[in-house]
Amino acid sequence: QVQLVESGGGLVQAGGSLSLSCAASGTIFSINYMAWYRQAPGKQRELVAHITRRGFTNYANYADSVKGRFTISGDNAKNTVYLQMNSLRPEDTAVYYCKCGASSTYAGEPSDYWGQGTQVTVSS
């Protein structure tokens, strides 16, 4: 089993910045990807940013709504992913969830895991 713990949410004014982190722990053989999702009240959960590693290179993808403002990065040694959020807007207000795809054994099939979520509120 893999556990994900997010931190760093809070309240910020529009135009401000916040940084989120998510640490994976438990029985981990490999992590295939890590990602951030968000869910605003009354809306479906949506992908914000996704990072995967091939060889020595990390590949990141972003939702169009956050491109140029958010940056996802990872620390493979710590099994941790970060989300730096700049130029925040009120529409970025949501609960942000961390997700990862991980295997617990060499031959094990990867499974998806979710964190509990952290609230980000951007005031206008």
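A few remarks follow.
- Residues of segment 69-85 classified as open to solvent by 70 Å² or more (accessible area, probe 1.4 Å), more than 11 Å from Ile51 (Cβ to Cβ) and touching a residue at least 12 places away in the same chain (Cβ under 8 Å), total: 1
- Residue match in segment 41-53 (condition: within 19 Å of Ser103 (Cα to Cα) and acidic (Asp, Glu)): no
- Among residues of segment 72-124, those that are touching a helix residue (DSSP H, G or I) at 6+ places or on another chain (Cβ under 8 Å), of a type in the set (Gly, Ala, Ser) and not in a loop (DSSP other than H, G, I, E, B), counted: 1
- Top-ranked residue in segment 54-68 [being in contact with a strand residue (DSSP E or B) (Cβ under 7 Å, 6 or more places away or on another chain) and open to solvent by 20 Å² or more (accessible area, probe 1.4 Å); ranked as farthest from Ile31 (Cα to Cα)]: Ala63
- Qualifying residue in segment 15-25 (condition: of a type in the set (A, V, I, L, M) and over 14 Å from the mean Cα position of the chain (by Cα)): no
- Residue list for segment 32-42, restricted to those being open to solvent by 20 Å² or more (accessible area, probe 1.4 Å), part of a strand (DSSP E or B) and within 20 Å of Phe70 (Cβ to Cβ): Tyr33, Tyr37, Gln39
- Of all residues in segment 102-120, those satisfying the criterion of being at pLDDT 95 or above, out of contact with any Lys or Arg (no Cβ under 8 Å at 6 or more places or on another chain) and open to solvent by less than 50 Å² (accessible area, probe 1.4 Å) are Gly117, Thr118.
- Residue match in segment 18-27 (condition: surrounded by 13 or more Cβ atoms within 10 Å (Cβ to Cβ) and among the β-branched types (Val, Ile, Thr)): no
The values are calculated or read from the model by the stated rules, or taken from the named source; none is laboratory data. As the structure is a computational prediction, the values presented were derived from the model and not from experiment. With ideal geometry, Cβ positions are generated from the backbone for all residues, glycine too; neighbour counts draw on all protein chains shown. Just the protein is used for accessible areas: all its heavy atoms, side chains included, with ligands, DNA and RNA removed. Shrake-Rupley method; radii C 1.70, N 1.55, O 1.52, S 1.80 Å.
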